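Below is one structure, written out as C-alpha cells; the observations come after it.
Just so you know, all these numbers are worked out from the coordinates, no wet-lab data involved. Nothing here was measured: the structure is a model prediction, and the numbers come from that model.
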C-alpha cells in the first residue's frame, strides 16, 4: 500500500512539474517593438528553430539572493537584445545551484541566454510586458 501511495504522489508531482514548465515561456515586446518569446524552456521542435548565438548574462551573488528579480532582469535584457541578433526566441538558463552543505559553489556563476530564430512560433504562448 505504501508503495502505491508513493508511486501516485511521485506521478502527481511529475505531472505538476510538466504543467508548470509550460508556464515559464511567455510573449514579450522588445524595446524595438518586436515580439520575442522568452523563458526557461528550450523551443519546441515544432517551432522550427535554429540557434543563432549563446552568451553570458550577469547573475552574480545578488541573483542567488533574489532569484525572481535576477530572472526578470536577465529576461528583460535578453528580450531587448534578441532583435539585434535576428532572434525571436530567448532561452534563459539560470546558473545551477551546486554546493556542499549550505555553501553554493556556483554562487558567482553567470546565467546564459541562447538566442533562436524560429519559423513557426504559435500566435500566443503567454502574456508579459
Original post:
Between residue 24 and residue 51, 0.36 nm times their residue separation minus their Cα-Cα distance comes to what?
Top reply: 7.8 nm
Original post:
Full extension from residue 93 to residue 32: what is 0.36 nm times the residue separation minus their Cα-Cα distance, to one decimal in nm?
Top reply: 19.6 nm
